[in-house]
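Read through the structure below, which is laid out as structure tokens, and then see the notes.
What follows draws every value from the coordinates through simple rules; no lab data is involved. Model, not experiment: these values are computed from the prediction. Cβ placement follows ideal geometry from the backbone for every residue including glycine, while neighbour counts extend to all protein chains displayed.
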Amino acid sequence: MKRNFHKLGEKLIEGVITASGLVTSITVLLIVFYLFKEGLGIFSQTPVAEGSLLAVNRQNQVSELSAAQVKDIFDQEITNWQEVGGANAPIKLFEIDDITAYYTEEQLGPDFAFLPQRINEVVAKDPHILAYFPDEYLAHNFPGKRIELANISLGDFLAGRQWYPTIQPAVQLGVLPLILGTLWVSLGAILIALPLGLATAIYLAEIADPKVRNFLKPVIELLAGIPSVVYGFFGLVVIVPLIQDVFGLPVGETALAGSIVLGIMALPTIISVSEDAMRTTPRAMKEASLALGANKWQTIYKVIIPYSVSGISTAAILGIGRAIGETMAVLMVTGNASVIPHTFLEPVRTIPATIAAELGEAPQGGIHYQALFALGCILFLMTLAINLTVDFVSAKKKENR
Amino acid sequence: MAFGTPSPSHKSKKLSQSIAFFVFRLLSFSVVAILLVILGFILVQGISVISWEFLTQMPREGMTEGGILPAIVGTLWLVVGSMLFAFPIGVLSGIYINEYAKDSWLKRFVKLMTNNLAGVPSIVFGLFGMTLFVNQLGFGDSILAGSLTLGLLALPVVIRTTEEALKSIDNSFRVGSLALGATKWQTTSRVVLPMAFPNIITGLILSIGRVSGETAPILFTVAAYFLPKLPNSIFDQVMALPYHLYVISTSGTNIEASRAMAYGTAFVLIVIVLLVNLLANWLRRYYGKKVKMN
Amino acid sequence: MNSVETKDVHLYYGDFHALKGITMAMRKNQVTAFIGPSGCGKSTYLRCFNRMNDLIDGVKIEGDILIDGVDIYKTNIQVDDLRKHVGMVFQKPNPFPKSIFENVAYGLRVNGTKDKQFIEERVERSLQQAALWDEVKDKLKKSAFELSGGQQQRLCIARALAIEPSVLLMDEPASALDPLSTAKIEELIHQLKENYTIVIVTHNMQQAGRVSDHTAFFYLGELVEYAKTKTIFTNPKDQRTQNYITGRFG
Ligand SMILES: Nc1ncnc2c1ncn2[C@@H]1O[C@H](COP(=O)(O)OP(=O)(O)O)[C@@H](O)[C@H]1O
Ligand SMILES: [Mg+2]
């Protein structure tokens, strides 16, 4: 009786433990599920702001426009129908507020009761018009032709060069500048952090005497724990003004500021991972080198570094991963302009910073909201790729031993 | 043949070694100097702001004066809440991986997923926490939603330290206990866990440091821009130190006027991290000694 | 003529007195074997000859050690020059994570040789001396880790020979190998002694008997007895030596 009870208890505990063990896996799966469920939503949405429509005169040959074309038309960069496959005639833009230029208040009636009718007249009269107005003013006998906007495609999303998620009448959801911004800032960070971090790791692992090492190591570990928002704050009050002064820029919030801050933040990771890797070099290997007349430095660069190269690459990849995913520090110092970066002295905007800055204002379920989740998907896939690479590299390393 | 006098090759070897070592020493010390400058700068700028009033009062005048009490209290709630979630599950999960799981695809899968979760950017945790806890489960912006999100973020850290701590315990202890007729759980709970405890606790403390400084996961799950009252329940929103620092240094009503408050807040955050690290180091040493004496 | 000579050498690992006043001389172009129970200080003594003990913290060495007449602990001696002159082969094969060719060329390169043709010739000659050339000549670019344990050890010998040392130290070079590989190494030692002074540590007495001209028996950090190998094995003077070679302890 008591034995059975015991057995039951053991089984129960094992169940609880197994269930706990599965929490991380379930979480990852749920993250994937929710991110993609929301994020993929944008591909079934048209980029016209919700509750509005675009229409042309019936005689117009054009019946479909892309989001980019719409934006260019409203920015007056495209001014002729010919440019979008229509007749050679100037495009006449009509937005709802323009109605007062056509009709007096009386003609629109009390509470704009006649507005739908008036819009009908305007659209019917002008063969070159492009009208943009809210759905609610669409009369049932509308004489114009609705312009269909294609759904956002994966290609438009990934290769689009413009990120204007709230612009009217058609939102622009090109994430290329954000992806490039993220990679740009991270690349700069790793260019700063890798040489410094490696040098420090080599120094700590092979050159420093134990006393110095025992002082430096905890200091570096400590810095891994400083919150990113504090690094961001430091960047904001020290590095940003410094860059502004040194390079004589109008603003100091630049990719360079982001790279410097991220580089500093990636240092502890790079140092400790690559130092650990170098320390695993077998003593016998070092002794063999010294016994052949190599000195310490030759042993370091001819034996220890080649031997720990996979650990060092792991360190670099992890450093990049940290930089790519970092949110707050970048948000605070890069200036967040969503343009494709050309130099390190321009403001840039990264994917995490975009999510953090915009999610609060994006109405839930709207296209902007979904686009931010799609950005989350991209970010997730980037870091997943990095994790899997690290797993792969370290598995390979074990195999080689 | 003769080696009594230094050979020509020796000289050039020695020179390149001297140069290389000099460069490495220089770079290493500049790295440490950079890091210490950051710490020192904030500590020096912040210390003058710290006062009893600063720590115990509500923010006033558009967060340019007064204190940061609600942010401190909020962060405290979040730390406690997330640890209540992450610690038991993390430790049990570590036990599962190291003690219970058979060497199967499931174990490999769980390890892989734990690794991947550790690499997920914190803003993605924020997105996830918002969809699942805030919207789907209907917790709203609340301590509950924020703590769960932060707890998930801390989970891989707790699991890893538990795993490492358990791994370092010699198998003979387990075999010895099992041979005496103890069950698996008895062995785990009475022999293995107590031995691993100091290291597990160290991991827990370090993850407290991590959780208290995270901003991105709480942006959309709990953090309030300005809320001059203390929370009453886990369904309330709170202010939090890292978010507060972000707000007053980038988007407050008067950024220049709240600079002092920002330094003070950064100071408090750094002090928390310092204390957490000191405590962890002290524990490590304390238990290290005890183990040696036995 | 003496190639290695030590006078009253004491070595301390911190407080631990590991070598207690060792005075002996090893002849040029002869094989000298060190035998003795494990932990008696054979490796420690051997590692004094190329100052390998310098790498260990807290080591203190007293007495004189002369290699080819030069006091190697004199201040103007450069360790890397010394180690070029005194080669070493370790217990476990420890090739570098490089190609077979680069392993052998390593010593030349780190000592400043740039001439490609010279390096190629020297690599080939060393591999031939180490009786490995025929087995590897078609795969010099392959990783050294692809060789068998015995081949790796011969590679390590070739690597040591490539910089033409005058003394070759071998610390239990065959203890990690199978009997066939061991036989090959012993054969090699025989051939090498024409050009090198060889000091070999072994805990295998048959091996000492087979390969060495002189044998030294160590016990607890002391040199107990040192004589012609034949004498040691047939007519030891000291009771402790007698006990050891007849297998009564160790
Ligand atoms: N690095 C070291 N630090 C402290 N003691 C050591 C070290 N290396 C060897 N010893 C000690 O010195 C003694 C001689 O060791 P060793 O020369 O390796 O013996 P052998 O090679 O004869 O087996 C042993 O008691 C060993 O424990
Ligand atoms: Mg030995």
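The Cα center of the stretch A:104-178 and the Cα center of the stretch C:210-242 differ in position by 104 Å.
Assuming a ≥ b ≥ c are the square roots of the Cα gyration tensor eigenvalues, decide whether chain B counts as rounded (a/c under 1.5), prolate (otherwise, with a/b larger than b/c) or oblate. Cα axes put chain B in the oblate bin.
What angle, in degrees between 0 and 90 and rounded to the nearest 10, separates the Cα long axis of helix A:115-125 from the longest principal axis of the Cα atoms of chain A? Here the helix axis deviates by roughly 80 degrees. For the peptides A:382-392, A:284-294, the ranking by mean Cβ contacts within 10 Å, running from highest to lowest, is A:284-294, A:382-392.
Ordering A:48-56, C:146-154 by mean Cβ neighbour count within 10 Å, with the highest value first, yields C:146-154, A:48-56. Taken residue by residue and averaged, Cβ atoms of other chains lying within 10 Å of the Cβ of A:325-332 number 6. Compactness check for the stretch A:52-153: Cα Rg over 2.2 N^0.38 Å is 1.07.
Entry note, chain B: the mean residue ellipticity at 222 nm calculated from DSSP H runs of n ≥ 4, each adding -39500 (n - 2.57), is -23000 deg cm²/dmol after division by the residues and rounding to the nearest 500. Once the C-beta distance of A:SER153 and A:ALA337 is scaled by a Förster radius of 22 Å, the resulting FRET efficiency is 0.30 to the nearest 0.05. How about the stretch B:70-148: which trypsin sites (Lys or Arg not before Pro) there lie in a loop by DSSP and see at most 16 other Cβ atoms within 10 Å? Listed in order of number, the matching sites are B:LYS102. Placing one identical point scatterer on every Cα of the stretch A:90-244 and ignoring solvent, what is log10 I(q)/I(0) from the Debye formula at q = 0.13 Å⁻¹? Values, matching the q order: -0.84.
Percent relative contact order of chain B, based on C-alpha pairs within less than 8 angstrom and at least six residues apart? The value is 26 percent. Peptides A:271-279, C:21-29 ranked from most to least packed by the mean count of surrounding Cβ atoms within 10 Å: A:271-279, C:21-29.
Helical runs (DSSP H, four residues minimum) scored at -39500 (n - 2.57) apiece and divided by the length of chain C put the mean residue ellipticity at 222 nm at -10000 deg cm²/dmol.
The stretch B:32-55 and the stretch C:9-53 have their alpha-carbon centroids 57 Å apart.
Free of any GluC sites (Glu not before Pro) that DSSP assigns to a loop and that have at most 12 other C-beta atoms within 10 Å, the longest stretch within chain B is B:62-255. Per the Kirkwood formula applied to alpha carbons, chain A shows a radius of gyration over Rh ratio, Rg over Rh, of 1.15.
Mean per-residue shielding of peptide C:77-90 is 6, counting Cβ atoms of other chains within 10 Å of each Cβ. Straight Cα distances below 28 angstrom link B:LYS184 to the lysines A:LYS2, A:LYS7, A:LYS11, B:LYS102, B:LYS107, B:LYS111, B:LYS167, B:LYS290, B:LYS292, with same-chain residues fewer than 8 positions distant left out. Working from Cα pairs under 8 Å separated by at least six residues, relative contact order for the stretch A:52-153 is 50 percent. Amide H to amide H distances under 5 Å link B:GLN57 with B:GLY67, B:ILE68, B:LEU69, where only residues 5 or more positions off or on other chains count and H is placed in the peptide plane. For the protein assembly as shown, pairs of C-alpha atoms spaced more than 41 angstrom apart make up 55 percent of the total. Considering only C:GLY107, C:GLY14, C:GLY63, the mean-square fluctuation computed in a Gaussian network model of chain C, springs between alpha carbons under 10 angstrom, is largest for C:GLY14. Under a model in which nothing but the beta-carbon of Lys, Arg (+1) and Asp, Glu (-1) is charged, the protein assembly as shown shows a dipole of about 5020 debye around its Cα centre.
Calculated mean residue ellipticity, 222 nm, chain A: -18000 deg cm²/dmol, from DSSP H runs (n ≥ 4) at -39500 (n - 2.57) each, averaged per residue and rounded to 500.
Of the GluC sites (Glu not before Pro) found in the stretch C:35-137, not one falls in a DSSP loop while having at most 16 other beta-carbon atoms within 10 Å.
Histogrammed with a bin width of 5 Å, the alpha carbon distances of the stretch A:176-400 distribute as 1, 7, 13, 15, 16, 14, 12, 9, 6, 4, 2, 1, 0, 0 percent, first bin at zero. Computed over chain C, relative contact order equals 28 percent, with contacts defined as Cα pairs under 8 Å that lie 6+ residues apart. The mean count of C-beta atoms from other chains within 10 Å of the C-beta of residues in B:219-230, rounded to a whole number, is 1. Rg/Rh for the stretch C:40-196 (Cα atoms only, Rh after Kirkwood) is 0.97.
Around the amide H of C:VAL4, modelled in the peptide plane, lie the amide H atoms of C:MET26, C:ASP68, all under 5 Å away and 5 or more residues distant in sequence or on another chain.
Remark: for residue pairs A:LYS217/C:LYS98; A:LYS302/C:LYS42; A:LYS296/C:LYS92, the C-alpha separation exceeds 28 Å in A:LYS217/C:LYS98; A:LYS302/C:LYS42. When both bridge partners sit in the stretch A:52-153, DSSP labels roughly 55% of those beta bridges antiparallel.
Only beta bridges with both residues in the protein assembly as shown are counted; by DSSP, about 60 percent of them are antiparallel. Residues considered: B:PRO121, B:PRO242, B:PRO231. Largest GNM mean-square fluctuation over chain B, using C-alpha springs under 10 Å, is found at B:PRO121.
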